[in-house]
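Novice: Below is the structure I would like to discuss, written out as structure tokens.
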Amino acid sequence: MSALRDILSQGAQMSLVLGLAPLLTGFVRKVKARLLRRRGPPLLQPYRDLIRLMRKDVVLADNASWLFRVIPYLMFAGTWVAVSLVPTFGNGLLFSWTADLIAIIALLGSARFFQALAGMDVGTAFGGIGSSREVMIASLAEPAMLITVFSVAMIAGSTQLSYVAEFMGSDAVGLRVSLGMAFVALTIVALAENARIPVDNPATHLELTMVHEAMVLEYSGRHLALIDLSSQLKLLLYVSLIACVFLPWGTATADASVARLVSGALLYFGKLTVLGFLLAVFETSIAKMRVFRIPEFLGAALMLALLATLLRFVSGSL
Amino acid sequence: MIAVALWSVAVLLALAPAGIVLSRHPRGSIILYGGCLIATSALCITALSDLFDVPHLTQSATLPVGLPWLGAHFRLDALSAFFLVVVNLGGVAASLFALGYSRHEDSPGRVLPFYPAYLAAMNVVVLANDAFSFLVAWEFMSLTSWAMVVSHHREAENVRAGYVYLLMASFGTLTLLLAFGLLASGAGYDFDAIRASHPSAALTGMVVILVLLGAGSKAGLVPLHAWLPLAHPAAPSHVSGLMSGVMTKVAVYGFVRIVFDLLPEPVWWWSMVVLLVGGPTATLGVLYALMQRDIKRVLAYSTIENIGIIFTGLGLALAFKAEGLDWVAALAFTAAMLHVFNHALFKSLLFFGAGAVLGATGERDMEKLGGLIHRMPTTAVAVLVGCIAISALPPFNGFVSEWLTFQAILLSPQLSSWGLKLIIPAVGGLLALAAAFAAACFVKLYGISFLGRPRSDVAASAHETDRFSLTAMLMLAALCLLAGILPGLFIDALAPVSKNMVGNVMPHQVGLQWLTIVPIAESRSSYNGLLVFLFVALCGTAAASAIHRFASDRLRRTAAWDCGYPDPNPTIQYSASSFSQPIRRVFGSVVFAAREIGEMPPPSSPLPARFQVELRDLIWDGLYAPIAIVIGFATDRINILQFLSIRRYLTLVFVALIVLLLVVAV
Amino acid sequence: MSSLQFDIAHLLAGSLVLASFMMLYQDRLYALLNVYALHAGVLALSVAWQAYVQQAPHLYVTALIALVFKAIIIPVALHRIIRRLGIHREIENVIGVGLTMMAGIGLVALSMVVMLRVTPDADALAREDLAFALSVVLLGLLIMVTRRNAVSQVVGFMSLENGLVLAATGAKGMPLVVEISVAFSVLIAFIVIGIFLFRIRERFDSVDVQALDRFRGERR
């Protein structure tokens, strides 16, 4: 009975994130549009886009290799697995121990590795631009993320997300400067990783300013749908990650009653709404950076994370 | 089983002179590499069976060769057995690869005799149990590999590489000789006697520094790495694979054997030195790799990075051991050893891939390659696996060892020394940077040479390599995946090694549910490569089948879109240098003193516009060049001695004799 | 002291270090001034919290001084100076932002080690406060060293002084008289430097302090 329950709750998590990801993107777009006094697309527009793309033919470049066709599936699967391992409405789900936070980041790293390869497969100039800039951004964002994880893990005494979330929800944590710094660093990294303003513009189609869009320029049809879906999943992943580490209240444990799980889920929706709203406000109030300002921006995140770890080392030994 | 090991080494040694004869024979190389394949397989199987037969593991033997009063001592313990596996696994793969690859060799006589001797020398280093045999084998290993580095001696670059290599190898042996001299002063050359002796703290400190210099110069630690990216690519590809994948590991073995085994309990500052060298080595190595456009040179620089990761693990192990935290030391040490094994696998694989590309196109320069995934599909798959594994991405093996290293770093607040507390997070940051750069570097390597459109005619007309080479590469690729999804097996196999060296072991892994690995406790961290792999595979397949069934599975081929400006000219693609330009611009001005010089002629002028990038190796300029100048200056002064008369030479000899007698008398 | 009180004091002192880092990162004068105002505001909060925790009412005065002078009057005055000098453009750093930040991290590490080593007997809050204060002082010096623009050097100096105040309040308060005199001396220094700025500007048509080097004949 309990095994069935575990499998059900894990399955619920996987389908929940898959279902919610386009909605979150739609919500952020809607809020951004409203802030700019436009009406904006309906909330469900991302779902319609995905369905429309899935139904279309794939138009493939003549010299695209088999790798180019496999990569969307790999990216989607990798991101989906990664996001299913982040606690959303409940901690300690059946497979939560499969990968810890470092492994989740690395899994996203694998997805990005493939995406950058896809940009280079057809051999066009724009694909190369995208891949080259993407790895530059990643080469700073990934270490910043890892060091942020270090500082969080040192506070919580674990890299296992369920345990981290549980610890953060308990009274033992207190107010920590390192946590504040880790939060800022994580936010910067999340903006960079999800190709949001000020690092990249998710709505751009101006060739020379785009990074993410340039890499996936040659994709169409179902492949493009999968890639869009995986970037939506990635946004959801980072928002859930921030929610579960820095706003850990109300997350249920896996063996809690159904009512607790449902209330956990409701709270989770609330957190997503708040964070999505904040993201939209932030994006509308800031301008996109030049490409070579990004390293400084991400470097600041790296330094903050390092500082947080350092402070943690010190105050941990008082 | 040490007898089997020694006999196999003898077979290898006997194959060396046979190589001279066989090199004239049309099928000679097949016979020779076949012989090497059998001998190394025997060694590998022996060592493996020993590693799993813990109670009867340690065996010694003495042969009546070498120094008259000493003989040659050999010993097979857990550490030797593990490194025998690494060496001979590399040997098996390289020999198998060479069965096909050696057909491209135009002068086999320059490689064939040295190859088995080289393999034998590496095995003897690992088996030796006295300083004399260790050093002789070490030097023999250096010389045989040097001979193969200069096998294509008509290229001026290779001659220079050989020269620098020979110098650095002599330097390394010299420092090791001094280290053993210091150790042997109270005990003699036998390792057993050294283990039993109690050297003073000052002496052991000097030995650690000397060994770090000696083993580090062979392994390629920054700033002693200058020879490595010159020499490793110059050799034929199967030898490059052995040098990068295996010989650097033999150097790691030398370090571990002396510092962890022969010396008494470590002191905290040793670890500080090792960490301060290891962390920057990892980051700098891969940053250099990113700037290269020669495939084999990229791989050689990336070896430096991986050596940095290994030494970081060893430094952590030393730190924890010095503070009595055996169980964390075991974690860090196991991580380092696992990375030794993993790197041997994927670096050999990648060098073989580079060899296959070289054989098919005659090019090592990435700017002339491209689109090889269409022409060499199987090689492309194997190299892709190698690239993912070396970038430390799950579910392959490189990730596991880096993950374990990070877990050890996370335990460092438990240390009491302030210096270490502040250095270890910084080193963690450097490792994280290195991992991210490595991914960038291998996206570049694979994307430029295997994807895109061919940038030259040779790349457009390349053909798939032979079956032997493919078998060797696919075998290594399969092992990379296996070690990535079932890391518990490999961690458990390392238990006796870590028991011997740091006195504790990691928790037993096999038998945990779903073959998860849990380095400390489940509440701290766990990782399950198998499940990650299965989940990704399942989700991907499910998505594919669902979409193909319910949505659309139609596909049309047409010209590339490229925002409406497709250009058939392949030079429009991103090149290797332009790919790394953003990273060069961000980090290059500091690390390489990079300068970009653009010349734009006025609009009416018919001259072409030029763009030039200048990168300088600051370590070479700051360290090697001044030393070379000083040596040059000194030798110029001493040079007058070459032109003395007979009488003056005799006077010199006479004076020297008198001085010596005086020294003895006083 | 309860753990919550400790945590808030820790948080505020840490935020001061963070604000110093934000100042290091800024490369526009206006942004630098805004961050400086934030810096002073955080200082005021931190001092006020210490006043509450230590029940030392005179520290409230210190906090008020910090808030009024440093967070409001000086930034506003500097804003006006910048506008009148017409130098609201980018600061030229002597070395890049990345390197400066790394140096900053190193300085913080250094001050942590030094302070925690020499004060093993003091209570945890004072130790940590002192460590943070030293970091703020060193970072202020770093800002002064790495900037060429005289205005940003003034700001660096002011933030250095904030670090001193933090140290003084953390170590069980200092006499109000001392605090007031320090505040006034800073104010006077500020006025003097302000006057000098205009003089430099009139003479050399620039507030880049390298112009002074040239005048002294130290550089070509």
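Novice: Compute log10 of I(q)/I(0) for the protein assembly as shown with the Debye formula, placing one identical point scatterer on every Cα and leaving out solvent, at q = 0.07, 0.08, 0.09 Å⁻¹, to two decimals.
Specialist: -0.74, -0.96, -1.19
Novice: Heavy atoms only, probe 1.4 Å: what % of the accessible area of the stretch B:42-171 goes to carbon and sulfur, would you let me know?
Specialist: On the way: 3240 of 4770 Å².
After summing per-atom areas, the C and S share lands at 68 percent.
Novice: Something else about it: Would you mind calculating the gained length between residue B:3 and residue B:463 on full extension (0.36 nm times residue separation, minus the Cα-Cα distance), in nm to one decimal?
Specialist: Extra length from residue B:3 to residue B:463 when fully extended: 161.2 nm.
Novice: Another one. Could you calculate the FRET efficiency of residue B:261 with residue B:589 from 1/(1 + (r/R0)^6), where r is the beta carbon distance between them and R0 is 51 Å, rounded to 0.05?
Specialist: 0.70
Novice: While we're looking at this one, here's another question. Enter the mean projected area of the convex hull around the alpha-carbon atoms of the stretch B:618-665, in nm², rounded to one decimal.
Specialist: Mean projected area of the Cα convex hull: 4.9 nm².
Novice: Let me ask something else about it. If you take the accessible area of A alone, add that of C alone, and subtract the area of the pair, what total do you get in Å², probe 1.4 Å, to the nearest 100?
Specialist: In total, this chain pair buries about 1900 Å².
Novice: Separate question: Of all the accessible heavy-atom surface of the stretch B:353-493, with the other protein chains kept in place and a 1.4 Å probe, what percent is carbon and sulfur?
Specialist: On the stretch B:353-493, the fraction of accessible area on carbon and sulfur atoms equals 66 percent.
Novice: Can you figure out the FRET efficiency of residue B:159 with residue B:416, using R₀ = 51 Å and their beta-carbon distance, to the nearest 0.05?
Specialist: 0.45
Novice: Hey, what D do you get for chain B in µm²/s if you plug the Kirkwood alpha-carbon radius into Stokes-Einstein at 25 °C and 0.890 mPa s?
Specialist: 93
Novice: Right, another one. Students often check this: by mean Cβ neighbours within 10 Å, which of A:256-264, C:140-148 ranks highest, and how do the rest follow?
Specialist: C:140-148, A:256-264
Novice: How much area per residue is accessible in the stretch B:618-665 when the probe is 1.4 Å and only protein heavy atoms are counted (Å²)?
Specialist: 87
Novice: Using alpha-carbon pairs under 8 Å, 6+ residues apart, how would you state the relative contact order of chain B in percent? Before the final figure, lay out the partial values.
Specialist: Working: 1065 pairs, mean separation 78.9, N = 666.
This gives 12 percent for chain B.
Novice: Probe radius 1.4 Å, ligands and nucleic acids left out: can you give me the accessible area buried at the B-A interface, summed over both chains, in Å² to the nearest hundred?
Specialist: Values: alone 28910 and 15030 Å², together 36730 Å².
When B and A are taken together, about 7200 Å² of accessible area is lost.
Novice: In Å², and per residue, what accessible area does the stretch B:200-310 have when probed at 1.4 Å with the other protein chains present?
Specialist: Each residue of the stretch B:200-310 exposes 17 Å² on average to a 1.4 Å probe.
Novice: Specify whether the C-alpha gyration tensor of the stretch A:1-118 places it in the rounded, prolate or oblate class, a ≥ b ≥ c being the square roots of the eigenvalues: rounded for a/c under 1.5, otherwise prolate if a/b is larger than b/c and oblate if not.
Specialist: Numbers: a/c = 1.91, a/b = 1.16, b/c = 1.64.
Oblate, since a/c reaches 1.5 and b/c is not below a/b.
Novice: Shifting gears a bit: Going from most exposed to least, what order do C:129, A:62, B:106 have by accessible area with a 1.4 Å probe?
Specialist: Per-residue accessible area, sorted high to low, gives B:106, A:62, C:129.
Novice: Output the relative contact order of the stretch A:154-272, whole-number percent, from Cα pairs under 8 angstrom with separation of 6+ residues.
Specialist: Dividing the mean separation by the residue count of the stretch A:154-272 yields 23 percent.
Novice: How crowded by other chains is B:403-409, given as the mean number of beta carbons from other chains within 10 Å of each beta carbon?
Specialist: Mean shielding by partner chains, rounded to a whole number: 3.
Novice: Taking each residue of C:96-102 in turn, how many C-beta atoms of other protein chains fall within 10 Å of its C-beta, and what is the average?
Specialist: That average works out to 6.
Novice: Mind checking the full-extension length gain between residue B:636 and residue B:365? Use 0.36 nm per residue of separation minus the Cα-Cα distance, one decimal, nm. All intermediate terms of the calculation are to be shown ahead of the outcome.
Specialist: Numbers: separation 271, 0.36 × 271 = 97.56 nm, distance 3.92 nm.
Gain on extension, residue B:636 to residue B:365, equals 93.6 nm.
Novice: How many nm is it between the label spots at residue B:65 and residue B:657, if each spot is 7 Å from the Cα in line with the beta carbon?
Specialist: 3.8
Novice: How many Å³ per residue does the convex hull of the Cα positions in the stretch B:32-87 occupy?
Specialist: Normalising the Cα hull of the stretch B:32-87 by residue number yields 96 Å³.
Novice: Then there is this: Shielding of C:130-141 by partners, i.e. mean partner chain Cβ atoms within 10 Å per residue?
Specialist: Whole-number average of other-chain Cβ neighbours for C:130-141 is 1.
Novice: Would you mind classifying the stretch B:1-51 by shape? Square roots of the alpha carbon gyration tensor eigenvalues, ordered a ≥ b ≥ c; an a/c under 1.5 is rounded, otherwise it is prolate if a/b is larger than b/c and oblate if not.
Specialist: oblate
Novice: Can you give me the % of accessible surface on chain A that is carbon or sulfur? Probe 1.4 Å, all protein chains present, nothing else counted.
Specialist: 66
Novice: Could I ask something else about it? Under a crude label model (7 Å from the Cα following the beta-carbon direction), how far is residue B:648 from residue A:274 in nanometres?
Specialist: Modelled inter-label distance: 9.0 nm.
Novice: For Cα pairs less than 8 Å apart in space and 6+ apart in sequence, what is the mean separation divided by the residue count of the stretch A:2-316, i.e. the relative contact order in percent?
Specialist: Averaging sequence separation for qualifying contacts and normalising by length gives 31 percent for the stretch A:2-316.
Novice: Further question on the same structure: Could you put A:213, C:128 in order of accessible surface area, largest first, with the 1.4 Å probe and the full protein assembly present?
Specialist: Descending accessible area places them as A:213, C:128.
Novice: Is there a quick way to get the dipole size of the stretch A:1-156? I mean about its Cα centre, with the Cβ of Lys and Arg at +1 and of Asp and Glu at -1; what is the value in debye to the nearest 20?
Specialist: Values: 15 positive and 8 negative charges, 219 e Å.
Taking the Cα centre of the stretch A:1-156 as origin, the dipole is about 1040 debye.
Novice: Please figure out what share of the DSSP beta bridges in the protein assembly as shown is antiparallel and state it in percent, rounded to the nearest 5. Mind showing how you got there, number by number?
Specialist: Values: 17 of 23 bridges.
Just about 75 percent of them are antiparallel.
Novice: While we're here: Using label points projected 7 Å from each Cα along Cα→Cβ, tell me how many nm separate residue B:24 and residue B:664, to one decimal.
Specialist: Taking the two extended label points, one gets 5.0 nm.
The values are calculated or read from the model by the stated rules, or taken from the named source; none is laboratory data. The shown structure was predicted, so the numbers you read here are calculated from the model rather than taken from an experiment. So basically every Cβ, Gly included, is an ideal-geometry build from the backbone, and we count neighbours across all protein chains shown. All accessible areas refer to the heavy atoms of the entire protein, side chains included, with ligands and DNA or RNA removed. Shrake-Rupley method; radii C 1.70, N 1.55, O 1.52, S 1.80 Å.
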